[in-house]
Amino acid sequence: MVRAILVTFGMLVLLVIIGAGGTLYIFKKYGQDLPEHRQLADYEPPVMTRVHAGDGRLLAEYAIEKRIFVPIEAMPRQVISAFLSAEDKNFYQHFGVDPTGVMRAILVNIKNIGQQRRMVGASTITQQVAKNFLLTNEVSWTRKIKEAMLALRIEKALSKNRILELYLNEIYLGFGSYGVAAAALNYFNKSLNQLSIEETAYLAALPKAPNNYHPYKKTKAAVVRRNWVIERMRLDNVISAEEAETAKSQPLEVYTRSETEFVSAPFFAEEIRRQLADRYGEDKLYKGGLSVRTTIDPKLQNMADKALREGLIAYDRRHGWRGPFATLAESERLDLPGDWKRAIRSVARPKGLLNWQLAVVLGADADNMHVGVEDGTRGKIPFAELTWARPWIKGQKRGPKIKRPSDVLKRGEVISVQAIEKDGQGNPYPAGFYGLRQIPEINGGLVAMDPHTGRVLAMSGGYSREASEFNRATQAKRQPGSAFKPFVYLAAIEKGYTPSTLILDAPFVIDQGPGLPKWRPANYTNKFYGPSTMRLGIEKSRNLMTVRLAQTIGMDAVAESAKRMGVVENLSETLAMALGAGETTLMNITRGYAMLVNGGKEIRPSFIDRIQDRNGRTVFRHDSRDCENCRAGFWTNQLPPRLPDTRKQLTDAGSAYQVVGMLEGVVQRGTGRRISAVGKPLAGKTGTTNLERDTWFVGFSPDLAVGVIAAFDTPTPLGKRETGSSVAAPIFREFMAAALAGKPAIPFRIPPDVRMVRINARTGKLARSGDRNIILEAFKPGTEPTGQSEVLQGESWLPTGGTVVTPSTGTGGLY
């Protein structure tokens, strides 16, 4: 008996030694190359970056995994309890591995082997965290051993709550949902604290295999699994028996997530994405959970998009119809009307169609074209909507007038149309009438900026970003033509000239040297007007006066002015540059104009007001000024805080205002007269380059600076008499009319060091009794007209030995 006891004891000791040795061997073999688990202490799940417009609406989201992170403290107790009941009811008691669960799984699996049923696992939540974060999904004993070892280490390094927080925010639950918060939205269109018991239980049923319990494809299995979780919750005393029965009786209903309302501004959103990537890197952008508040004003952005598109379309229609997108094969044409729906589906939808529809021409009568539209309806295009579509001819010319609908379209042609309600005189059309539409080849950009801060309020970089991602507001470097002239005049005013200075408008010739032609700049009208005031020179965009002025003050002064005002960084000091031959971007020149109207203060275009990290801490603020009094907890009748003006003074306020006054004259009497229809104080300048390749209008109200460019992406003449006044200015006008509608007419602010003097606008002399065309002109003290005046003549010159001063080649400002 004693011997038997000793033998048994010895065998037990031997087994313990073998077991301990085996355990030590396993720990040594598999523990050497385990991943570093301590990184989980500082782990932050990838969270999407959200970009908001100035009014708080969503502009864009950037993410690899669309996850919403919820701290464990903010997680509803019901959600936590449901997942513990379903996945690991002993989570708060075990040490990373649950021995009870392991033994239960062993017994169940032995039984399942005999019944040929699926094996069950015993992984704890900690083990799942180890697998999801540190290991692969490889199915093997090696991975299971490593998983268990890592779970033991994680339990020592992290708190239970931290482990659970990682699990609930990282786990994939199907429907593109990473984490329980995203799953609640994607399955039920609810936040976590709005979930019912049965909805919570369904989410807790998903971690093992979301596709096995798909709510649509495998509804029966999904309900069985959900009800199993509900029963586990009852057994764990999370819910009552009555609540459990009620929850089980509910059908599994999934609701489509409400569409998030996005502000539509694709060019602006891409600029934000680019800036964030440059500042923080792609990884932080797509995983860092940044919250970005931008400068965009959605109302102004909609106005900008509308004005730009309508302006480009208006130009395009003036130059005729370029033809259909496609023509159906002969067999399909003969079959029309037949199955026209199938025929139209065979044509690829062109990029940039926006809200227009594709249509196929079915036939014609004397007054209408009959079309089948891609939405399945049939309609008519009345003759009045076709008269613009004269054939396009190379050189932006048009063919003969349209006499009948069949002159424009033929049976089987695929075109774009837009439903219309009224004709050009405002008379209503019956339902089912359409207008013929054409995607313009011309493109352009529009920028609207707060001139006092540089905040970009709206930016359209082209007709459609779907058709072209190139941003013509920030990326296109083009010659501004006469839109550059204000910076020539600014340089002159800084040197003591005034808006009343007389400048000779007469032929100007420079010999460029042996073998080169003489340079003869000319006015747009090809006429000469004799001595004229500086004001008149800019109002009428006189090239010869501008060249003479630039020659007199020196191109070095012009180049310095252009650089200081942010228009052109390194302007070649040649006379052609005074006419706008130096390339710049729409954003840069709009910034330059903004600094004229704000009194000469330096600003920089900004798209982002504030950036916060995933924890709500502000990591970037555009306005970096400190304001102690802004932090008052409550109001005690104190005055509003005054922030210091830290902007650098680039030019004196008086000089800036004198240029503003002359640019206001451009709108009132000059090349920008079309703008005056807005009926508010506005100023600005047209710009057109040689052969009408680029057209501009840049201007401002006292509190809004706006720039417009319209041109072909590949520099091509726009056609005869197409200038900044006819192409870009109408876009500016329509935008300003909408942006300033309902707002008071605010005059331009006059600096304290400026005197307003009544003068004769034609002669620049002090006004006398009986004079006509009298205006108030701005002068700095001591520079008012005295009754005597000299004419600034400049000089043409020929080389007489030594250095030859040349105007450089290239195009320049015309109008």
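The values are calculated or read from the model by the stated rules, or taken from the named source; none is laboratory data. Since we're looking at a predicted model, the values are computed, not measured. Every residue, glycine among them, receives a Cβ derived from its backbone with ideal geometry; neighbour counts consider all protein chains shown. With ligands, DNA and RNA removed, areas are computed over all heavy atoms of the protein, side chains included. Shrake-Rupley method; radii C 1.70, N 1.55, O 1.52, S 1.80 Å.
For ALA431, the requirement of being under 30 Å from THR327 (Cα atoms) and aliphatic (A, V, I, L, M) is met. Which one is surrounded by the fewest Cβ atoms within 10 Å (Cβ to Cβ) among residues in region 685-708 that are polar (S, T, N, Q) and within 13 Å of ILE675 (Cα to Cα)? My answer is SER701.
Cβ separations smaller than 6 Å between residues 6+ apart or across chains give the following pairs from region 617-630 residues that are more than 23 Å from GLY288 (Cα to Cα) to residues that are open to solvent by less than 70 Å² (accessible area, probe 1.4 Å) and assigned to a loop (DSSP other than H, G, I, E, B): CYS627/PRO641; ASN629/PRO641; CYS630/PRO641. Selection over region 339-371 of residues that are without any contact (Cβ under 8 Å) to a residue 40 or more places away in the chain and over 11 Å from GLY412 (Cβ atoms) gives a count of 11. Looking across region 270-322, the residues that are of a type in the set (Lys, Arg) and not in a helix (DSSP H, G or I) come down to ARG293, ARG322. So the check is Cβ under 6 Å with 6+ separation or different chains; which pairs have a first residue in region 201-221 that's without any contact (Cβ under 8 Å) to a residue 60 or more places away in the chain and assigned to a helix (DSSP H, G or I) and a second one that's open to solvent by 30 Å² or more (accessible area, probe 1.4 Å) and among the charged types (D, E, K, R)? What qualifies is TYR213/ARG225. Considering only residues in region 491-523 that are part of a strand (DSSP E or B) and either touching an Asp or Glu at 6+ places or on another chain (Cβ under 7 Å) or modelled with pLDDT of 90 or more (or both), the one that is most open to solvent (accessible area, probe 1.4 Å) turns out to be LYS518. When LEU300, LEU353 are checked against the criterion of being of a type in the set (A, V, I, L, M, F, W, C), in contact with a strand residue (DSSP E or B) (Cβ under 9 Å, 6 or more places away or on another chain) and open to solvent by less than 10 Å² (accessible area, probe 1.4 Å), LEU353 stands alone in meeting it.
The set of residues in region 668-705 that are hydrophobic (A, V, I, L, M, F, W, C) and either in contact with a Gly (Cβ under 6 Å, 6 or more places away or on another chain) or in a loop (DSSP other than H, G, I, E, B) (or both) comprises LEU682, ALA683, TRP696, PHE697, VAL698.
For every residue, the table says whether it meets (1) closer than 23 Å to TYR315 by Cβ; (2) out of contact with any Leu (no Cβ under 9 Å at 6 or more places or on another chain).
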{"site": "VAL347", "(1), (2)": "no, no"}
{"site": "ALA364", "(1), (2)": "no, no"}
{"site": "GLY379", "(1), (2)": "no, yes"}
{"site": "LYS394", "(1), (2)": "yes, yes"}
{"site": "GLY412", "(1), (2)": "no, no"}
{"site": "ILE420", "(1), (2)": "yes, yes"}
{"site": "PRO430", "(1), (2)": "no, yes"}
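Considering the conditions (1) open to solvent by 10 Å² or more (accessible area, probe 1.4 Å); (2) among the polar types (S, T, N, Q); (3) touching a strand residue (DSSP E or B) at 6+ places or on another chain (Cβ under 8 Å), SER460 is excluded by exactly one of them, (1). Remark: LYS218 falls outside the filter, which requires a residue to be in contact with an Asp or Glu (Cβ under 9 Å, 6 or more places away or on another chain), open to solvent by 40 Å² or more (accessible area, probe 1.4 Å) and closer than 21 Å to ILE171 by Cβ.
Is it the case that region 649-659 has a residue that's touching a helix residue (DSSP H, G or I) at 6+ places or on another chain (Cβ under 9 Å), without any contact (Cβ under 8 Å) to a residue 60 or more places away in the chain and of a type outside the set (Lys, Arg)? Among the residues of region 649-659, not one is touching a helix residue (DSSP H, G or I) at 6+ places or on another chain (Cβ under 9 Å), without any contact (Cβ under 8 Å) to a residue 60 or more places away in the chain and of a type outside the set (Lys, Arg), which makes the answer no. Residues of region 52-73 being modelled with pLDDT under 90, open to solvent by 60 Å² or more (accessible area, probe 1.4 Å) and not basic (Lys, Arg), which ones? The answer is ILE64, PHE69. Here the condition is being within 30 Å of ARG465 (Cβ to Cβ) and among the aliphatic types (A, V, I, L, M); of ALA222, ALA277, it holds for ALA277 alone. Please indicate, with yes or no, whether at least one residue in region 324-341 is aliphatic (A, V, I, L, M), in contact with a strand residue (DSSP E or B) (Cβ under 8 Å, 6 or more places away or on another chain), within 26 Å of GLY444 (Cβ to Cβ) and surrounded by 15 or more Cβ atoms within 10 Å (Cβ to Cβ). No - not one qualifying residue is present in region 324-341. Taking region 603-648 as the range and being modelled with pLDDT of 90 or more, open to solvent by 70 Å² or more (accessible area, probe 1.4 Å) and not in a loop (DSSP other than H, G, I, E, B) as the test, the residues that pass are ARG610, ARG621. Of the residues making up region 301-309, none is touching a residue at least 60 places away in the same chain (Cβ under 8 Å), closer than 30 Å to THR618 by Cβ and more than 16 Å from the chain's Cα centre (by Cα). State yes or no: is ILE402 surrounded by fewer than 18 Cβ atoms within 10 Å (Cβ to Cβ) and on the phi < 0 side of the Ramachandran plot? Yes, satisfied. Inspection of region 671-680 finds a residue satisfying the criterion of being within 31 Å of the chain's Cα centre (by Cα), open to solvent by less than 10 Å² (accessible area, probe 1.4 Å) and within 18 Å of LYS306 (Cβ to Cβ). When region 745-773 is filtered for residues that are open to solvent by 60 Å² or more (accessible area, probe 1.4 Å), hydrophobic (A, V, I, L, M, F, W, C) and either part of a loop (DSSP other than H, G, I, E, B) or closer than 29 Å to ASN598 by Cβ (or both), the ones remaining, listed by number, are ALA745, ILE746, ILE750, MET756. If you go through region 440-457 and keep only what is of a type outside the set (D, E, K, R), in contact with a strand residue (DSSP E or B) (Cβ under 7 Å, 6 or more places away or on another chain) and part of a loop (DSSP other than H, G, I, E, B), you end up with ILE442, PRO451, GLY454.
Yes/no per residue for (1) under 20 Å from ILE709 (Cβ atoms); (2) under 36 Å from the mean Cα position of the chain (by Cα); (3) surrounded by fewer than 24 Cβ atoms within 10 Å (Cβ to Cβ):
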site	(1), (2), (3)
LYS485	yes, yes, no
TYR489	no, yes, no
PHE528	no, no, yes
SER572	no, yes, yes
GLY592	yes, yes, no
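The single residue among TRP388, TRP392 that is touching a residue at least 40 places away in the same chain (Cβ under 8 Å), among the aromatic types (Phe, Trp, Tyr) and open to solvent by less than 30 Å² (accessible area, probe 1.4 Å) turns out to be TRP388.
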